[in-house]
Amino acid sequence: MLAETERDRDAECEVTLSPDRMRQRRPLRLPATGAVILPFARDQRGVNPIEYSVLAAGIALAIVAIVSSVGGTLGNAFQNIAAYLG
């Protein structure tokens with residue numbers, strides 16, 4: 001039953017164009033890239049939140065790098081202290 005349902009749905013979606021209609025078709029024309037991008041490049045709304053988010057991401061990355069490099073050294077120091085006391 002499922003195959004028949006799929007076949008019926010595919011038949012409903014099928015589009016046939018006459019040869020006359022095919023000759024009338026024109027290529028799709030897209031706007032120039034500059035016409036699409038330039039309005040966004042000129043728009044200055046939301047620049048400050050983006051700058052702050054990039055700054056926050058940089059600070060977070062620096063914190064992760066420092067903690068990962070110091071964390072191993074700090075762990076070794078605590079292990080040496082524990083071995084000395086233990």
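The values are calculated or read from the model by the stated rules, or taken from the named source; none is laboratory data. Because the structure is a prediction, the values reported are computed rather than measured. As a convention, Cβ positions derive from the backbone with ideal geometry for all residues, glycine included, and neighbour counts pool all protein chains shown.
I'd like to check something: does region 44-56 contain any residue that is of a type outside the set (Gly, Ala, Ser), outside any helix (DSSP H, G or I) and either loosely packed, with under 10 Cβ neighbours inside 10 Å or touching a Pro at 6+ places or on another chain (Cβ under 6 Å) (or both)? Walk me through how you get there before you give the answer.
Looking only at region 44-56, we keep the residues that are of a type outside the set (Gly, Ala, Ser), and these are 44-45, 47-52, 54-55.
This time we only want the ones that are outside any helix (DSSP H, G or I), so: 44-45.
If we keep only those that are either loosely packed, with under 10 Cβ neighbours inside 10 Å or touching a Pro at 6+ places or on another chain (Cβ under 6 Å) (or both) too, we end up with 44-45.
Checked region 44-56: at least one residue is of a type outside the set (Gly, Ala, Ser), outside any helix (DSSP H, G or I) and either loosely packed, with under 10 Cβ neighbours inside 10 Å or touching a Pro at 6+ places or on another chain (Cβ under 6 Å) (or both).
The conditions of being loosely packed, with under 10 Cβ neighbours inside 10 Å and at pLDDT 85 or above are not met by Leu28.
Among the residues of region 48-64, which ones are at pLDDT below 90 and over 19 Å from the mean Cα position of the chain (by Cα)? Give the derivation first.
The initial filter retains those residues of region 48-64 that are at pLDDT below 90, namely 48-51.
Listed by number, the list holds a single entry, Asn48.
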